[in-house]
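Reading through the structure tokens given below for one structure.
The values are calculated or read from the model by the stated rules, or taken from the named source; none is laboratory data. Since this is a predicted model, take the numbers as computed values, not measurements. Here Cβ is always computed from backbone atoms with ideal geometry, including for glycine, and neighbour counts include all displayed protein chains. With ligands, DNA and RNA removed, areas are computed over all heavy atoms of the protein, side chains included. Shrake-Rupley method; radii C 1.70, N 1.55, O 1.52, S 1.80 Å.
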Amino acid sequence: MEIENLPNELLEKIFRHLPVDDLENAALVCLAWKDIILSVIIPKYVTIHLKPVYPVTHELIPMPSLLSSQMMNPFAKSHYKITIPNEELVQSPEFIDFFMHCGSNLKSLHLQFVQLSEAILKVFPYLSNLEELCLTTESDELYGPRPQNPELYLSSFKNLKTLKLFHPNYFILHNTSLLSSTPLASICFERFEADLRHLKPILQQHSSSLRELTVRVEEMKPFLQYLNSLPDLKLCKLNIKSGGNEDDFTDALIQLFDAQSQTLRVLRIGSELSLRAVSQIPKMLPQLQELELIAESIHDCKAFAELRHLRKLTMSLYDVRAWDESACIESVVDFALSVTFPLISPAVFCSFPNARSFYLEDVDDDTLMRDIIVVQTLMDKVQRVERLDLENYVLKEREILNDSVQRFDTIEGLRMLKYCCRDMSDASLMTMALPELRELHLTHCPRVTFKGISFLVRSCPLIETLHLEYNKIGFNDDCMDVITRKLTRLRRLYLVNLKGLTNESVEIILNNCRNLRELTFSYCIGITMDKAEAIEKLSSLKTLRNLVYS
């Protein structure tokens with residue numbers, strides 16, 4: 001079957017997984033694709049963000065007229081994110097009219113506001129079919145004034161499955177009992193410590209339907225004990241953090257492992273686990289697919305090979321010197337490790353032969369004590385990796401250029417590289433002959449010059465995202481010229497603290513970058529062009545979707 005003859009149902013299943021940038025490109029292929037993207041994909045699957053500032057020109061947008069234009073669109077949208085800049089907007093007739101007209105079609109809504117007012121709450125009764133509600137509150141006080149009659153607003157949510165709060169919203173937290181009739185399956189409270197007395201009502205009411213829980217609590221032990229008291233609770237995803245020092249919660253955690261052993265698939269714990277708790281994870285949670293933990297060490301690392309479904313592993317450990325190099329965790333494809341103790345055993349890099357994404361971080365970079373064997377083993381064991389993030393694992397140039405070390409250019413399938421080197425020069429860039437590379441972040445390149453950049457753009461011609469940071473002199477306008485001329489696929493360009501760039505670089509980008517979607521100039525002090533003038537010039541790039549100039 002030819003691709004143009006694919007049924008719309010199959011095209012919908014394909015297009016729904018594409019990012020917005022790729023959807024825009026796909027819509028240019030033919031009228032049939034454009035029609036299904038505009039009439040089905042964007043209305044059903046894409047979140048429309050309505051905000052008071054154009055992301056390129058930085059001009060203010062009259063929000064009432066923006067809401068009115070959405071009501072006139074022939075294809076009703078299902079997902080909106082709305083930034084409310086002031087109380088004047090919610091008092092406008094366009095605000096309430098928008099929800100009266102579009103509210104019944106909404107499946108997800110994310111509201112950003114300073115404080116939840118009664119004028120905002122008045123639109124809630126129009127959201128009878130809403131399945132996901134996300135609220136970001138910039139300012140809310142525990143004992144501040146509250147809107148009255150909460151049952152008028154919250155009782156309308158009959159189909160709500162996901163509730164997300166970013167920063168505390170005490171009106172919602174104090175009235176969660178009014179959501180008892182909703183089939184909540186996911187609760188996410190982030191960027192604040194939730195009081196257990198606020199959590200108990202909502203957890204009690206929805207224990208039988210709840211499958212995903214993300215929360216930060218003041219103390220871990222009483223929270224875990226309360227979860228263990230809910231006999232109907234069957235979690236698939238648990239993401240918990242605590243505020244700080246507390247009593248040992250190992251027994252309560254192991255009890256939770258036992259209760260959730262058959263259903264739990266994703267476990268993230270943002271508090272340090274005891275060695276006993278860590279040792280129970282592979283024994284009691286055989287179905288885990290994703291694990292994130294903090295611990296002093298892992299003594300029986302071989303046991304983790306029994307987690308045959310584990311795909312993503314994130315570990316923050318104090319010490320990995322005791323890691324057994326014979327441990328082989330074949331199922332993991334996404335591996336992340338941060339280590340506090342300055343001596344790292346190379347054995348840990350030998351245990352993940354099928355990893356395709358690899359992230360490494362030094363927690364205490366200033367006292368780093370690394371020998372060439374560690375670097376050699378690291379580079380040798382990541383030869384099949386597609387995404388390599390060493391941005392927070394600061395190497396020295398002599399380490400990566402040592403004759404015994406595999407170079408980046410031997411990682412044939414590498415598509416994303418984030419790399420930080422204390423004294424990066426042109427010699428470092430000579431190790432990057434990566435024909436499949438799409439994304440490159442170099443966050444510390446003090447001695448890079450035109451010579452190294454010229455080699456980079458020849459050897460990595462498919463780069464779409466480029467982030468360059470920290471260079472005093474060597475990186476100049478000539479470097480910018482060769483980058484923008486040779487990297488024809490460049491879509492995202494981030495330039496930070498590059499002091500050799502001048503106003504000419506702005507003109508070079510205008511002349512050469514016809515497909516650029518995101519652009520950042522930050523702390524490039526050689527560019528003296530007035531901000532308003534620079535934004536006016538750069539906004540002439542028709543493809544540009546986001547511009548940061550500071």
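Counting pairs of alpha carbon atoms under 8 Å apart in space and at least six apart in sequence, what relative contact order in percent does segment 413-549 give?
After rounding, I find 19 percent.
When you take every Cα atom in segment 62-182, what is the radius of gyration, and what is Dmax, the widest Cα pair distance, in Å?
Answer for segment 62-182, Rg first and Dmax second: 13.8, 44 Å.
Over the Cα atoms of segment 202-264, each weighted equally, I'd like the Debye log10 I(q)/I(0) at q = 0.16, 0.23, 0.26, 0.28 Å⁻¹, rounded to two decimals.
Evaluating at q = 0.16, 0.23, 0.26, 0.28 Å⁻¹ gives log10 I(q)/I(0) of -0.48, -1.01, -1.26, -1.41.
Assuming R0 = 56 Å, what is the FRET efficiency of Glu272 and Glu118, from their Cβ-Cβ distance, to the nearest 0.05?
0.80
Would you work out what percent of the accessible area of segment 49-178, with all protein chains in place, is carbon or sulfur (probe 1.4 Å)? Intermediate results must be reported in sequence, preceding the final value.
On the way: 3220 of 5990 Å².
On segment 49-178, the fraction of accessible area on carbon and sulfur atoms equals 54 percent.
Amide H to amide H, which residues 5 or more places from Ser338 or on other chains are under 5 Å from it, using H placed in the peptide plane?
The answer is Met315, Ser316, Leu317, Glu361.
Out of every Cα-Cα pair in segment 223-321, what percent are more than 18 Å apart? Show your work: numbers first, answer last.
Details: 2065 of 4851 pairs.
Of the Cα pairs, 43 percent sit more than 18 Å apart.
Between Phe455 and Ala32, what is the label-to-label distance in nm when each label sits 7 Å out along the Cα-to-Cβ direction?
Result for the modelled spin labels: 4.9 nm.
Could you pull out every residue, at least 5 positions away or on a different chain, whose amide H is within less than 5 Å of the one on Ile48? Hs are placed 1.01 Å off N in the peptide plane, and Pro or chain starts have none.
It is His79, Tyr80, Lys81, by chain and number.
Restricting to DSSP H runs of at least four residues, report the calculated mean residue ellipticity at 222 nm for the chain, -39500 (n - 2.57) per run over all residues, nearest 500 deg cm²/dmol. Could you put the intermediate results ahead of the total?
Values: 21 runs with 158 residues, N = 550.
Calculated mean residue ellipticity at 222 nm is -7500 deg cm²/dmol.
Mind giving me the nanometre distance, one decimal, between the label points for Glu138 and Glu218, set 7 Å out from Cα along Cα→Cβ?
Reported label-point gap for Glu138 and Glu218 is 2.8 nm.
Setting aside same-chain residues fewer than 8 positions from Lys302, which lysines have a Cα under 16 Å from its Cα?
Within reach: Lys283.
Round to the nearest 0.05 the FRET efficiency obtained for Glu306 and Ser326 when R0 = 22 Å and r is the Cβ-Cβ distance.
Computed FRET efficiency for Glu306 and Ser326: 0.90.
Between Asp403 and Lys234, what length comes free when the chain is fully extended (0.36 nm per residue of separation minus the Cα-Cα distance, one decimal in nm)?
On the way: separation 169, 0.36 × 169 = 60.84 nm, distance 5.35 nm.
Here the segment from Asp403 to Lys234 would lengthen by 55.5 nm.
How high is the FRET efficiency from Arg485 to Asp380, r the C-beta distance, R0 22 Å, rounded to 0.05?
Efficiency for this residue pair is about 0.05.
If you stretched the chain out fully between Arg422 and Met284, how much longer would it get, using 0.36 nm times the residue separation minus the C-alpha to C-alpha distance?
Difference between extended and current length: 45.4 nm.
Please list 3J(HN,Hα) in residue order for segment 468-482, calculated via the Karplus relation 6.51 cos²θ - 1.76 cosθ + 1.60 where θ = phi - 60°; whole Hz, with x for glycine and proline.
Result, ordered by residue: 10, 9, 6, 8, 8, 10, x, 8, 10, 5, 4, 4, 5, 5, 5 Hz.
Give me the number: length gained by fully extending Ser104 to Asn503, i.e. 0.36 nm times residue separation minus the C-alpha to C-alpha distance, one decimal in nm.
138.6 nm
With an 8 Å Cα cut-off and a minimum separation of 6 or more residues, compute the relative contact order for the chain in percent.
For the chain, the relative contact order is 6 percent.
Could you pull out which residues in segment 96-124 have an amide N less than 18 Å from a spot 7 Å beyond the Cα of Met71, following the Cα-Cβ vector?
96-106, 119-124
Could you work out how far the C-alpha centroid of segment 79-151 sits from that of segment 424-453, in angstrom?
The distance from the Cα centre of segment 79-151 to that of segment 424-453 comes to 47 Å.
Check Glu464: other-chain or 5+ apart residues with amide H under 5 Å from its amide H, H built from backbone geometry?
Those qualifying (amide H under 5 Å, at least 5 residues apart or on another chain) are Glu439.
Considering the Cα trace of the chain, what is its radius of gyration and what is Dmax, both in angstroms?
So, for the chain, Rg and Dmax equal 26.2, 73 Å respectively.
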